[in-house]
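Here the structure is laid out as structure tokens; the discussion comes afterwards.
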Amino acid sequence: MKAMLGVIAAGTSLLCSVAAVAHHSFASEYTADKPIALTGVVTRVEWTNPHVRFYLDVPGADDAMTNWNLELASPSALSRNGWTSRSLQIGDEISITGFGAREDNTYRVNVRSVVLADGRTVFNGRAPDEPE
């Protein structure tokens, strides 16, 4: 019995440490010095923890498509802000605002707000008029 409890404790510790390493701060990957606004078509949605991700095809200056990797908060945090797992659908044309990745040419954004295909605006965190 003691051996089984040891195995369970070790496994739990390992899972917790992996989750802690996987989570990151905004400042470690993104910068407020790179505000971005994009409009494009949703190509994929990953409604999973620790962060919801979706991908957006955005036409460039030469009409070539670039697929952007967009990060949101956790599913539970988004649900508190009016999102559902069906808010973004593949093929929807949407607009986003957010902040770019620290590394150049990575096509990654931490999203601040999204104008959905039906015209509603949803926010990743607090709405702009909410107090800190």
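Please treat every number below as a calculation from the coordinates, not as lab data. The model shown is predicted, which means the values in this text are computed figures rather than measured ones.
Our analysis of segment 25-123 gives Rg over Rh at 0.94, with the two radii drawn from alpha carbon positions and Rh computed by the Kirkwood formula. Segment residue 48..residue 115, full-extension length gain: 22.0 nm, with 0.36 nm per residue of separation and the alpha-carbon distance subtracted.
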